[in-house]
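Heads up, the thing below is written out as structure tokens.
The values are calculated or read from the model by the stated rules, or taken from the named source; none is laboratory data. Only a predicted model underlies this, so the values are computations on that prediction, with no experimental measurement involved. Note that each Cβ is placed from the backbone with ideal geometry, even for glycine, and that neighbours are counted across all protein chains shown. Please note that ligands, DNA and RNA were not included when accessible areas were found on the heavy atoms of the full protein model with its side chains. Shrake-Rupley method; radii C 1.70, N 1.55, O 1.52, S 1.80 Å.
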Amino acid sequence: MLTFKYWVMNSWKTTNLIETLNFYEEKWFWTYLMKPEVDTKWNNEIVSRMWISRKVDYLIKKEDDLFCHIVEKFWYNNLPEIILIDEVQFLTKEHIYQLIRISHLLWVKVVCYWLRTDFKLRPFEASMYLLSLADDIEEIKTICWCWQKAVVNVRYRNWILETDWNQIEIDDKDDIQYNSICHNCYLELIWKDL
């Protein structure tokens, strides 16, 4: 089964991922944790807002064939029973098709954690394919500063609202910040750019 868990920034996604990982490991399931290499935040670790961290088993490169990677890595060992992937929005559509093959041909549960859209409300390539092809889709909810459900992200550079930069900017730099807000607050902030 390919599961897609999506949310906006600052909704405790990594904490949820680490909790899920710990749950399966406590039940003696063999887990495997991956994230895209382009996510340079914390290098080869994932770190939650509670400062709980886990070392990543594999950093996914753009040119990787994930199906071949899993088959080759675990050829002489048992396959992992669950694969968890952080920041899936940075993968390609080919990666998503490979995850489907891993899930359905190798019978490995794959759980993907990611954002649905960027700060301009544009979908990431991987997000479009996961929304269309995942067996199970789960939304993790958080709230806006106005107490409405947060559904979109805004990005700040040096605390100035950004509306026209690269789609991918990792918030591991001091000058980049993200916030999750509702559609109403989003439209009030950047209505002129829509």
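Taking every residue in the range 1-28 that is within 17 Å of L130 (Cα to Cα) and open to solvent by 60 Å² or more (accessible area, probe 1.4 Å) and pairing it with any residue that is among the charged types (D, E, K, R) and modelled with pLDDT of 85 or more, at least 6 positions away or on another chain, the pairs with Cβ-Cβ distances below 7 Å are M1/K109; M1/D135; M1/D136.
Among the residues of the range 119-133, the ones that are surrounded by 17 or more Cβ atoms within 10 Å (Cβ to Cβ) and either closer than 25 Å to L189 by Cβ or among the β-branched types (V, I, T) (or both) come to 4 in all. Does the range 147-166 include one or more residues that are exposed (fewer than 12 other Cβ atoms within 10 Å of the Cβ) and modelled with pLDDT of 80 or more? Looking for residues that are exposed (fewer than 12 other Cβ atoms within 10 Å of the Cβ) and modelled with pLDDT of 80 or more, one finds at least one in the range 147-166, hence yes. Hey, can you tell me all the residues within the range 29-58 that are open to solvent by less than 20 Å² (accessible area, probe 1.4 Å), touching a Ser or Thr at 6+ places or on another chain (Cβ under 8 Å) and either at pLDDT 90 or above or within 21 Å of I70 (Cα to Cα) (or both)? The answer is I46, and nothing else. If only residues of the range 1-28 that are within 20 Å of A150 (Cα to Cα) and in contact with a Lys or Arg (Cβ under 6 Å, 6 or more places away or on another chain) are counted, the one that is modelled with the lowest pLDDT is W7.
If you check Y178 against the conditions, is it open to solvent by less than 80 Å² (accessible area, probe 1.4 Å), modelled with pLDDT of 85 or more and aromatic (F, W, Y)? Walk me through how you get there before you give the answer.
On the way: open to solvent by less than 80 Å² (accessible area, probe 1.4 Å): yes; modelled with pLDDT of 85 or more: no; aromatic (F, W, Y): yes.
Against the criterion (open to solvent by less than 80 Å² (accessible area, probe 1.4 Å), modelled with pLDDT of 85 or more and aromatic (F, W, Y)), Y178 does not qualify.
Listed here are the residues, each with its yes/no results for (1) within 19 Å of the chain's Cα centre (by Cα); (2) surrounded by 14 or more Cβ atoms within 10 Å (Cβ to Cβ).
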position	(1), (2)
E63	yes, no
E72	no, no
W75	no, no
L79	no, yes
Q89	yes, yes
T92	yes, yes
L99	yes, yes
H104	no, no
V110	yes, yes
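Considering the range 62-160, the qualifying helices (runs of 4 or more DSSP H), each wholly inside and each with 1 or more residues that are of a type in the set (S, T, Y), run over 93-105, 125-133. Out of all the residues in the range 31-61, which are more than 24 Å from E19 (Cβ to Cβ) and part of a strand (DSSP E or B)? Within the range 31-61, no residue meets the criteria.
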